[in-house]
Amino acid sequence: MISNNAAIVSEIGWNHVIAVTGALGSGKTEFTMSLADAMAETRDKITLADMDIINPYFCLRTVIQQLERGKVSILDPPGEMKWGDMSYINPEIRTKIYDASIRLILDIGGDAQGALALKQFEPEIREAGYDLIFVVNPYRTHTRTLKELSEMRAKLEDIGGLEVTAVVANPHFMDQTKPEECADGVKKVKSFAEDMGLDMLFGIAERSIFDEVRELLDDDIRLWRMKREILLPWESPGSVLI
């Protein structure tokens, strides 16, 4: 029996390239990892490309050992470039855009610099077919109102050259999120998406509150079950607070 997330993946018609973006604090990278796992469960061979050059300490390369398993592989900056101060995008991404044997997921930074990273592959991504998913946390600065979200979307599209095709709602206050806050946030993002003429693919709820959030939402709203992979320093096993 497939998982809740794999069932959701199976219901959606995906393009070859899936680019995921979102503002700082949206949970974009957590979702990108979870999406890759769910797609691998549906027997897709997945390549995850780390294109987040904004904050290298909350991105895919920090959890690469957990991710490189089964059908999920990672393209990240090689060698010393992985943690360097200079922005670097693995050029193998261009090859993977044309690789019909895999599905390519791109983890994109959410500001102008991240959009520029996407821009360099725009012609190839358009030719291959793409989904550009905007992960929205309505409780974070710059995405709390429709006006703020619309402005961020317009800036991303203007710089990156690709159009946002759908949104995903990820309302959270880290591990302090209450079920009612999550459900209300999902409804808020759904309203934002409708006003912008976009589909909301689904909402996201951390697994500890998933069942309660599910009961608070209409049945026609898909709900993704999230397991956090990227932990803050003091949340890691064996960490000591000084």
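For segment 182-228, what is the accessible area per residue in Å², given a 1.4 Å probe and the full set of protein chains? All intermediate terms of the calculation are to be shown ahead of the outcome.
Working: 2440 Å² over 47 residues.
Dividing the accessible area of segment 182-228 by its residue count gives 52 Å².
Annotation for segment 93-152: chymotrypsin sites (Phe, Trp or Tyr not before Pro) lying in DSSP loop with at most 14 further Cβ atoms inside 10 Å of their Cβ are Tyr98.
Amide H contacts of Asp199: Val167, each under 5 Å away and 5 or more positions distant or on a separate chain (H built 1.01 Å from N in the peptide plane; Pro and chain starts excluded).
Can you pull out the GluC sites (Glu not before Pro) in segment 161-216 that DSSP calls coil and that have at most 13 other Cβ atoms within 10 Å? Before the final figure, lay out each step's value.
Working: sites: Glu163, Glu180, Glu181, Glu194, Glu206, Glu212, Glu215; in loops: Glu163.
Passing both the DSSP loop test and the Cβ count: Glu163.
A 1.4 Å probe over all protein chains sorts Thr143, Thr165 by accessible area into Thr165, Thr143, starting with the largest. For Lys155, the aspartates and glutamates whose Cα comes closer than 13 Å to its Cα, not counting residues fewer than 8 places off in the same chain, are Asp111, Glu163. Computed 3J(HN,Hα) for segment 187-201, one whole-Hz value per residue from the Karplus formula 6.51 cos²θ - 1.76 cosθ + 1.60 where θ = phi - 60°, is 5, 5, 5, 4, 5, 4, 4, 4, 5, 8, x, 10, 7, 9, 5, glycine and proline marked x.
For segment 32-45, backbone phi angles converted through the Karplus equation (6.51, -1.76, 1.60; θ = phi - 60°) give residue-by-residue couplings of 4, 5, 5, 4, 4, 4, 5, 5, 5, 5, 8, 6, 7, 8 Hz, Gly and Pro being listed as x. Sorting Leu216, Leu198 on solvent-accessible area from highest to lowest, probe radius 1.4 Å, gives Leu216, Leu198. For segment 144-192, trypsin sites (Lys or Arg not before Pro) meeting the loop criterion (DSSP other than H, G, I, E, B) and having at most 15 other Cβ atoms within 10 Å: Arg144. For a test of the definition: using alpha carbon positions, the gyration tensor, and the 1.5 limit on a/c, classify segment 111-242 as rounded, prolate or oblate. Oblate.
Annotation: amide H of Gly22 within the under-5 Å range of Gly110, Val135, sequence separation 5 or more or interchain, hydrogens built in the peptide plane. For Trp224, the residues 5 or more places off, or on other chains, whose built amide H falls under 5 Å of its own are Gly203, Ile204, Ala205. Working note: Karplus 6.51/-1.76/1.60 with θ = phi - 60° gives segment 8-21 the couplings 5, 4, 5, 7, 10, x, 9, 8, 5, 9, 10, 9, 10, 10 Hz, where Gly and Pro are set to x. List, in the order given, every pair from Lys119/Lys147; Lys71/Lys119; Lys45/Lys147; Lys28/Lys96 whose Cα-Cα distance in the structure shown is over 30 Å. Long pairs (Cα-Cα over 30 Å): Lys45/Lys147. Taking only protein heavy atoms and a 1.4 Å probe, the accessible area of segment 137-211 is 47% carbon and sulfur.
The values are calculated or read from the model by the stated rules, or taken from the named source; none is laboratory data. Computed from a predicted model, the values in this text were never measured in an experiment. A quick note on method: Cβ atoms are made from the backbone with ideal geometry, for glycine too, and the neighbour counts reach across all protein chains shown. For accessibility, only protein heavy atoms count, side chains too; no ligands or nucleic acids. Shrake-Rupley method; radii C 1.70, N 1.55, O 1.52, S 1.80 Å.
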